[in-house]
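Reviewing the structure listed below.
Every read-out reported here was derived from the displayed coordinates using simple, explicitly stated rules and does not represent laboratory data. Everything numeric here is computed off the predicted structure, so don't read it as measured data. Please note: Cβ atoms are built from the backbone with ideal geometry, for glycine as well, and neighbour counts cover all protein chains shown.
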Amino acid sequence: MSQRIGAWGEHIACRFLADRGFVVRDRNWRCASGEIDLVAQDGEEIIFVEVRTRHSADFGAPEETVTPRKRQALIAAAQHYLAAHALHDKPWRIDFVAVELDARNAVRRIEHIPCAIQAS
């Protein structure tokens, strides 16, 4: 998958979440632990969002592509974000947005999965 398709999927996910009342705080936030595609807020809750975009399910559905290593990196990055922004007292979670596109890059399916990754 090209970076361009990934960026388009993140743009779609950003609009999708904003249309549902989320406030997007950051996009592509990076730290030593990795990158968080979107950081949003819903009321007092901070939402870290992993976006996966695919044209086909040949290599699995978007929601099936997050490895255990990526899950751990997302948890660590979320904790870094909370510390860096003095938000450690706020409730938080990690969500997932799956975006499937057709051949013309139009949305075929978008699914928001709250609490997709649990911090242990």
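Looking at region 3-117, what % of the alpha carbon pairs are farther apart than 25 Å?
Details: 1176 of 6555 pairs.
In whole percent, the share of Cα-Cα pairs in region 3-117 beyond 25 Å is 18.
Taking each residue as 0.36 nm, the span from Arg104 to Arg25 lengthens on full extension beyond its C-alpha to C-alpha distance by 25.5 nm. Of the residues Ala83, Gln72, Ile5, the one whose Cα sits farthest toward the positive end of the charge dipole of the chain, with +1 on the Cβ of Lys and Arg and -1 on the Cβ of Asp and Glu, is Ile5.
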